[in-house]
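Reviewing the structure listed below.
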Amino acid sequence: MATSGTYVTEVPLKGSAVKHYKRWKHENQLFPDAIGHHIQGVVVHEGDWDSHGSIKTWNYTCDGKQEVFKERRENDDENMAVTLRGLEGHVMEVFKVYDVTFRFIQKSENDIVCKITLVWEKRNDDSPEPINYMKLNKRIAADMDNHILNA
């Protein structure tokens, strides 16, 4: 039986949860320009940029290594949450399940929280837990903050 788990963390952000959610749902093509040190490219394979169930491939850097991640998108407008369900790529060689959700919660007029939930299951017990990927997800959310505030 392979190991599984769930990581949850919150990243404090500024501005409007609606604006953050809109950027994550509709405007992934802007990520490489905004945070090119993390995300080098995003391509849509099925659906549109913002459609529920669309399939995208991300080129990104984790711990100095260039990697690829293919995901199926789930959008939850009511909760302002975007879930990326892992299909293929480097992360899926190690994990059977890799689902990351970014949920934007308005705390006060100018303060929001991005609640990141990463659900994972290893393919085998020898693999490391995805702590480095969780750190990357936190950095992406934090680094997009300035870009969205200045948009």
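The values are calculated or read from the model by the stated rules, or taken from the named source; none is laboratory data. What you are looking at is a predicted structure, and each value in this text was computed from that prediction instead of being measured. Please note: Cβ atoms are built from the backbone with ideal geometry, for glycine as well, and neighbour counts cover all protein chains shown. Surface areas here come from the heavy atoms of the whole protein model, side chains and all, with no ligands, DNA or RNA. Shrake-Rupley method; radii C 1.70, N 1.55, O 1.52, S 1.80 Å.
Structure notes:
Let's see how each residue does on (1) out of contact with any strand residue (DSSP E or B) (no Cβ under 6 Å at 6 or more places or on another chain); (2) surrounded by 15 or more Cβ atoms within 10 Å (Cβ to Cβ):
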| site | (1), (2) |
| --- | --- |
| Met80 | no, yes |
| Asp99 | no, yes |
| Val113 | no, yes |
| Glu129 | yes, yes |
| Lys135 | yes, no |
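- Where a residue in region 125-151 is closer than 11 Å to Ala34 by Cα and its partner, wherever it lies, is open to solvent by less than 80 Å² (accessible area, probe 1.4 Å) and part of a loop (DSSP other than H, G, I, E, B), with Cβ under 8 Å and at least six apart: Ile140/Ile35; Ile140/His38; Asp143/Ile35; Asp143/His38; Met144/Ile35; Asp145/Gly15; His147/Ile35; Ile148/Gly15
- Matching residues in region 65-75 - criterion: being open to solvent by 20 Å² or more (accessible area, probe 1.4 Å) and either at pLDDT below 95 or in contact with a Lys or Arg (Cβ under 8 Å, 6 or more places away or on another chain) (or both): Lys70, Arg72, Glu74, Asn75
- Selection status of Gly86, on the phi > 0 side of the Ramachandran plot and either of a type outside the set (S, T, N, Q) or at pLDDT below 95 (or both): no
- Inside region 85-97, residues that are over 18 Å from Arg139 (Cα atoms) and open to solvent by less than 20 Å² (accessible area, probe 1.4 Å) make up a count of 3.
- Helices (runs of 4 or more DSSP H) lying entirely in region 4-122 (those with 3 or more residues that are closer than 19 Å to Asp145 by Cα and either free of Cβ contacts under 8 Å to residues at least 40 places away in the same chain or within 14 Å of the chain's Cα centre (by Cα) (or both)): 17-26, 31-34
- Of all residues making up region 1-53, the number that are touching a Phe, Trp or Tyr at 6+ places or on another chain (Cβ under 8 Å), of a type in the set (Ser, Thr, Tyr) and open to solvent by 30 Å² or more (accessible area, probe 1.4 Å): 3
- Failed condition for Asn124, given (1) within 14 Å of Val11 (Cβ to Cβ); (2) out of contact with any strand residue (DSSP E or B) (no Cβ under 6 Å at 6 or more places or on another chain); (3) of a type in the set (S, T, N, Q): (1)
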